[in-house]
1. I need the full set of residues from the range 594-609 which are open to solvent by 40 Å² or more (accessible area, probe 1.4 Å), part of a loop (DSSP other than H, G, I, E, B) and more than 19 Å from Glu556 (Cα to Cα), in order please.
2. Report, ordered by the first and then the second residue, all pairs with beta carbons closer than 8 Å, sequence separation of six or more or different chains, a first member in the range 453-474 that is farther than 17 Å from Leu563 by Cα and at pLDDT 95 or above, and a second member that is crowded, with 23+ Cβ neighbours inside 10 Å and aromatic (Phe, Trp, Tyr).
3. Within the range 148-162, is there a residue that is assigned to a strand (DSSP E or B), touching a strand residue (DSSP E or B) at 6+ places or on another chain (Cβ under 6 Å) and either without any contact (Cβ under 8 Å) to a residue 24 or more places away in the chain or closer than 25 Å to Pro493 by Cα (or both)?
4. Just the residues that are closer than 23 Å to Lys32 by Cα and surrounded by 19 or more Cβ atoms within 10 Å (Cβ to Cβ), please, taken from the range 95-115.
5. Of the numbered conditions (1) open to solvent by 60 Å² or more (accessible area, probe 1.4 Å); (2) under 24 Å from the mean Cα position of the chain (by Cα); (3) among the acidic types (Asp, Glu), Asp310 satisfies every one except a single condition; which is it?
6. Within the range 316-326, identify whether any single residue is at pLDDT below 95, surrounded by fewer than 18 Cβ atoms within 10 Å (Cβ to Cβ) and on the phi > 0 side of the Ramachandran plot, and answer yes or no.
7. Do you know which of the residues in the range 508-535 that are open to solvent by less than 10 Å² (accessible area, probe 1.4 Å) and of a type in the set (A, V, I, L, M) is farthest from Glu495 (Cα to Cα)?
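The values are calculated or read from the model by the stated rules, or taken from the named source; none is laboratory data. The structure displayed is predicted, hence computed values, not measured ones. Note that each Cβ is placed from the backbone with ideal geometry, even for glycine, and that neighbours are counted across all protein chains shown. Side chains included, ligands, DNA and RNA excluded: accessible areas come from the protein's heavy atoms. Shrake-Rupley method; radii C 1.70, N 1.55, O 1.52, S 1.80 Å.
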Amino acid sequence: MNELKYSKSAFLLQSADSPIEWHLWNDNAFNKARVEDKPVLVDVGAAWCHWCHVMDEETYSDKEVIDLINSNFVAIKVDRDELPDIDRDLQNKVAFISNESGWPLTVFMTYDKKVFFGGTYFPLEDTYGRIGFKNLLKTIIKLWKDSREELLKIAEESSKINLYFKAKDTKMELIDDNIESIYKIYDNKNGGILESKKFPHPAIDQLFIAYSYYNNKKELLDKAVFTLKKMYYGGIFDQVGGGFHRYTVDDEWYIPHFEKLAIDNAELMLSYIEAYKLTNDYDLLDAIKQTYRFIISDLFNGDSFSNSIDADSEGIEGYYYTWTDKEFNEALEDESNDIYYRLFGLDNAKEVEGRKVLRRVISNEEFKKEHKIEELYSIRDKLLRYREANREKPFIDRNPYTYSNCRLAEALINLSHIIDIDLKPALSVLNRLSSSLGRRLDSSNDALIEDYASAILALLSGCEITGEERYKDLAVKLYDNIKDSSGYIIDSPNESQESLRLRALIKLSMILDEKPEIKLYESSPSFIAGILYNNLCYLKGTVHIVIVNENDGKAEALHKEALRLYHPFKLVEIIDSSNVDSLPSYMRSMLNYKNDQSRAFVCIGNKCSMPITSTDKLKEYIKSKSI
């Protein structure tokens, strides 16, 4: 019996009617394999994954494959967005055995959950030197019957893989060396990291920005901004509807894999906001505004955000986002469009499935020399209206995962520091959180480290902007769930579990007046940029800004300026006489200074400034503490 119909996972539900007897990942499935003495086949994928759909449609739909699986295996499907901890473990074990990782992930296991073989996508038949899935299944069946000891030996070896990374006491010299190593693999031509495929690395961008700020190394800020601009002008950015695709298959941010993930757009939004706070660059602001439009129009569901949008539409990869010349002309209503052809590079555009990918080849600065920037807004709107009217939208996974929802909420709250937006979508997420946190906003008591950490960070951001103590109180209640645990350290390239946990611990320590345990780890530096960022900020100094509101009409300006100012690691609180007791003791003692007017105190560690009563002086004081 196919069990997937009992799941909430969008990916699993897509195969609920499959004739394969798919099981959910649970002990019952592995016990069944033990009783029947069968190997376990695990398929790990996601609703947004193009090649997962291809394998489902071409490989898992073949009658012989169906019969082979149902007769000889216990088959399990896993949604990597629902069970990221299981995915991480299986990815590492398959990589150990076959040097492959990614999605779909195809895993063969024993009934005691040990991996003996795996890979990624398998075509139905042998193709270009890669074994086809039918032959692979037959080979596994034969080995299980005739050479099981060899498989068990491999399984035993893979089960011993130690994902422990050696921890070190944090030192500035180590951070300097790690950042220098990342700097050496920076792509000076296209931005980002030198690699044949381009993934955004928001943690690296934020690390460069922070290091530049603390050490007056403008070249690192320039590198981060260069990367962000290259992405904004590239095909990885949806030039019509805003928002970022997951990655590009080339090294110039041009041809994307077209899926859009909430978590990617949340993290990129945070990077662009930080860079904009330091530069006031128009390109960065436009990227922010277009991404915001995408998040609200395509992901927001009233009280939560969807998890992802598929790459495929109408059975074609990227169809919703790509163009023919005829469609482009129709969308522009046959107006003179030579400039727009050149603007989006259509005259020499690369294609996917015979359709052109838009990217920008004329900068905003160059465009404004002969045209009003409003013309760009108009052309985007025309293309967007045409796209929405004439194409079927890709599938949207509307699961309200806590992790991605909280990261989006944090990003939108940070966005409100620089432009006026409606905070209701972000706060609606915070208002659904509770001390019995779940993987989804509508579940409970099954949260992972990334859920707790991202919830804490979002709640503290909510308290910063609203001044509502209930958000801070809930963040403190969640503290025990991450205090003594540890998470996976590798950015994937999304910020790692452990990086999120460390950031949450440091922020909570500023409220609770506790000293967090901060460690560095031995790994390739570009894979631990998030942890490097937290270590850097902890050593160089975090900033706690407290605005005391005396109801004289002056606190609001101080509060806005405190939020608007860039600092790599900042916590802002606005208080009045009713909640003074929530502050650490070393802060409470200073509040009587100039208590006849609203004022700000800036604390670095447990050393605080004298009261500051003007926004200009607040700005000057923060800037003076940057190095």
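1. Gly605, Asn606
2. Ser454/Tyr403
3. Among the residues of the range 148-162, not one is assigned to a strand (DSSP E or B), touching a strand residue (DSSP E or B) at 6+ places or on another chain (Cβ under 6 Å) and either without any contact (Cβ under 8 Å) to a residue 24 or more places away in the chain or closer than 25 Å to Pro493 by Cα (or both), which makes the answer no.
4. Residues satisfying the conditions are Leu105, Thr106, Val107, Phe108, Met109, Thr110, Val115.
5. Every listed condition holds for Asp310 apart from (1).
6. There is no residue in the range 316-326 that is at pLDDT below 95, surrounded by fewer than 18 Cβ atoms within 10 Å (Cβ to Cβ) and on the phi > 0 side of the Ramachandran plot.
7. It comes out as Leu508.
Conditions tested, residue by residue: (1) in a helix (DSSP H, G or I); (2) in contact with a helix residue (DSSP H, G or I) (Cβ under 8 Å, 6 or more places away or on another chain); (3) not acidic (Asp, Glu).
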| residue | (1), (2), (3) |
| --- | --- |
| Leu508 | yes, yes, yes |
| Leu520 | no, yes, yes |
| Ser526 | yes, yes, yes |
| Tyr538 | yes, yes, yes |
| Gly553 | no, no, yes |
| Glu556 | yes, no, no |
| His567 | no, yes, yes |
| Ile574 | no, yes, yes |
